[in-house]
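**Q** The structure that follows is given in the form of structure tokens.
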Amino acid sequence: MTGAGDNFSSGGDVHEIIGPLVAMREKGDRDGLLRFTRMTGELVRVMRACPQPIIAAVDGICAGAGAILAMASDLRLGTPRSKVGFLFTRVGLSGADMGACAMLPRIVGQGRASELLFTGRFMDGAEAERWGFYNRLVEPDALLNEALALARSLADGPSFAHRITKRSLQAEWNMSIDAAISAEAEAQALCMHTEDFARAYHAFIAGRPPVFEGN
């Protein structure tokens with residue numbers, strides 16, 4: 001996932017999104033406002049339920065709902081010139097938007113997430129990498145190629161096993177260690193039933209890299 005031109009996303013358009021929402025508020029349309037917020041949250045649900053890992057390639061401005069899209073991705077590559085901001089408080093809204101209060105602390109830590117969501121300030125690329133929001137920084141002209149190379153390496157890997165990893169990473173947020181160990185025992189045994197597991201073994205014995213087929 002990436003943006004057009006030199007920016008990832010500037011968030012909700014003031015005239016096409018914010019203005020109509022203010023109009024709903026002035027009409028007392030609580031149901032309409034709730035339908036909108038539930039709709040935006042559904043996007044994050046779909047991203048997290050998507051079995052394939054999602055990579056965000058972030059350059060330039062990454063703000064508001066755009067920052068949420070990056071946050072909801074599984075991996076994030078950024079550039080030194082990128083700026084990430086959860087701007088909701090700047091327009092009189094809470095930081096509790098599209099799952100940010102649940103997900104952002106797990107990425108950057110509770111204190112840092114609190115600062116970003118309360119202040120609405122921007123992180124530059126170096127800070128975002130230092131805080132763990134980005135997996136790594138690359139130069140702008142190399143960003144898309146780096147992201148595509150990472151995506152290709154994942155796509156060439158054991159896709160069934162990647163799906164299990166993504167599902168487990170999310171499911172185990174609210175598990176005890178004992179429950180997580182039990183769940184992972186079942187998940188790993190399931191992966192051991194796949195052809196990819198056998199392919200990797202036979203390739204190792206033959207001294208060659210495995211070729212996975214996702215089954």
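**Q** What number of residues within the range 185-209 are open to solvent by 60 Å² or more (accessible area, probe 1.4 Å) and part of a loop (DSSP other than H, G, I, E, B)?
**A** So the answer is 5.
**Q** Which number in (1) under 15 Å from the mean Cα position of the chain (by Cα); (2) not in a loop (DSSP other than H, G, I, E, B) marks the one condition that D97 misses?
**A** Condition not satisfied by D97: (2).
**Q** Select from the range 95-141 the residues that are touching a strand residue (DSSP E or B) at 6+ places or on another chain (Cβ under 8 Å) and basic (K, R) and write down the one among them that is surrounded by the fewest Cβ atoms within 10 Å (Cβ to Cβ).
**A** Among those that are touching a strand residue (DSSP E or B) at 6+ places or on another chain (Cβ under 8 Å) and basic (K, R), it is R136.
Let's see how each residue does on (1) without any contact (Cβ under 8 Å) to a residue 40 or more places away in the chain; (2) within 18 Å of A70 (Cβ to Cβ); (3) of a type outside the set (V, I, T):
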{"position": "M1", "(1), (2), (3)": "no, yes, yes"}
{"position": "N7", "(1), (2), (3)": "no, yes, yes"}
{"position": "M24", "(1), (2), (3)": "yes, no, yes"}
{"position": "G28", "(1), (2), (3)": "yes, no, yes"}
{"position": "R35", "(1), (2), (3)": "yes, no, yes"}
{"position": "T40", "(1), (2), (3)": "no, yes, no"}
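**Q** Here's something else I'd like to know. Return the pair list, or none, for Cβ contacts closer than 6 Å from residues in the range 192-215 that are within 20 Å of I164 (Cβ to Cβ) to residues that are basic (K, R) and surrounded by 12 or more Cβ atoms within 10 Å (Cβ to Cβ), at least 6 apart or on different chains.
**A** Qualifying pairs under 6 Å: P210/R199.
**Q** Would you please name the residue that is nearest to E184 (Cα to Cα), looking only at residues in the range 111-167 that are among the hydrophobic types (A, V, I, L, M, F, W, C) and part of a loop (DSSP other than H, G, I, E, B)?
**A** Applying the filter and picking the extreme gives F133.
**Q** Now a separate question. Which condition does N7 not pass, out of (1) touching a strand residue (DSSP E or B) at 6+ places or on another chain (Cβ under 7 Å); (2) assigned to a helix (DSSP H, G or I), if it passes all the others?
**A** Tallying (1) touching a strand residue (DSSP E or B) at 6+ places or on another chain (Cβ under 7 Å); (2) assigned to a helix (DSSP H, G or I), N7 fails exactly one: (2).
**Q** Listed residues D29, D6, D74, D13; which is more than 30 Å from S168 (Cα to Cα), open to solvent by 30 Å² or more (accessible area, probe 1.4 Å) and in contact with a Pro (Cβ under 8 Å, 6 or more places away or on another chain)?
**A** Every option except D6 fails the conditions.
**Q** Please work out which residue is farthest from P210 (Cα to Cα), limiting yourself to the range 162-184 and to residues that are open to solvent by less than 60 Å² (accessible area, probe 1.4 Å) and not hydroxyl-bearing (S, T, Y).
**A** So the residue we want is A179.
The values are calculated or read from the model by the stated rules, or taken from the named source; none is laboratory data. This is a predicted model, so every value here is computed, not measured. Virtual Cβ from ideal backbone geometry, glycine too; neighbours counted across all protein chains shown. What goes into the accessible areas is simple: the full protein's heavy atoms, side chains included, and nothing from ligands, DNA or RNA. Shrake-Rupley method; radii C 1.70, N 1.55, O 1.52, S 1.80 Å.
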